[in-house]
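Participant: Pasting a structure below so you can have a look.
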Amino acid sequence: MKSPIDFVTQLYSQALRNPKSRWMVILGSLLYLVSPLDLSPDLLPLIGQIDDIALLLLFATSISEIIREWWQTRQVFDGRGVDATGGDRAETSQQTIDVDAVSLD
């Protein structure tokens, strides 16, 4: 059984990965960070900042994972079979196939 922290972390990451809810989660996270209403009041020294720090770390980790995955799946070729990082990629062979058109009248 997962702990509540693992459940919340997974739920937050999935919400950020969903294109429909991504901007709402980002906006909600930023609003929570600047809002005076928190799970633990900011008036308490150190304890008041724990939830803000936890949300900030969760946000930064999730966004960095999304950016890293996007960067890895991005395939940019310069026309010579070399990707943007300079590594050689196997060139795809292209064949032309002649097809005779047939009328079905």
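The values are calculated or read from the model by the stated rules, or taken from the named source; none is laboratory data. In this text the structure is predicted, and so the values were computed from the model without any measurement. Using ideal geometry, Cβ is built from the backbone for each residue, glycine included, and neighbour counts are taken over all protein chains shown.
Participant: Report whether or not PRO45 is surrounded by fewer than 10 Cβ atoms within 10 Å (Cβ to Cβ) and either modelled with pLDDT of 85 or more or in contact with a His (Cβ under 7 Å, 6 or more places away or on another chain) (or both).
Facilitator: Numbers: surrounded by fewer than 10 Cβ atoms within 10 Å (Cβ to Cβ): yes; either modelled with pLDDT of 85 or more or in contact with a His (Cβ under 7 Å, 6 or more places away or on another chain) (or both): no.
The answer is no for PRO45.
Participant: Kindly indicate whether ASP38 is modelled with pLDDT under 80, assigned to a loop (DSSP other than H, G, I, E, B) and touching a helix residue (DSSP H, G or I) at 6+ places or on another chain (Cβ under 7 Å).
Facilitator: Against the criterion (modelled with pLDDT under 80, assigned to a loop (DSSP other than H, G, I, E, B) and touching a helix residue (DSSP H, G or I) at 6+ places or on another chain (Cβ under 7 Å)), ASP38 qualifies.
Participant: Could you give every pair whose Cβ atoms fall below 6 Å, whose first residue belongs to the range 20-34 and is over 19 Å from GLN49 (Cα atoms) and of a type in the set (Ser, Thr, Tyr), and whose second residue is modelled with pLDDT of 90 or more and surrounded by 10 or more Cβ atoms within 10 Å (Cβ to Cβ), counting only separations of at least 6 or pairs across chains?
Facilitator: Note: pairs meeting the criteria are SER21/ALA15.
Participant: Can you confirm whether GLY79 is modelled with pLDDT under 80 and in a helix (DSSP H, G or I)?
Facilitator: No: the conditions fail for GLY79.
Participant: Of all residues in the range 52-76, how many are of a type in the set (A, V, I, L, M, F, W, C), more than 30 Å from ASP38 (Cβ to Cβ) and either in contact with a Ser or Thr (Cβ under 9 Å, 6 or more places away or on another chain) or loosely packed, with under 10 Cβ neighbours inside 10 Å (or both)?
Facilitator: Residues of the range 52-76 that are of a type in the set (A, V, I, L, M, F, W, C), as a first pass: 53-60, 63, 66-67, 70-71, 76.
Still in the list and also more than 30 Å from ASP38 (Cβ to Cβ): 70-71, 76.
Retained after the next criterion (residues that are either in contact with a Ser or Thr (Cβ under 9 Å, 6 or more places away or on another chain) or loosely packed, with under 10 Cβ neighbours inside 10 Å (or both)): 70, 76.
Selection size over the range 52-76: 2.
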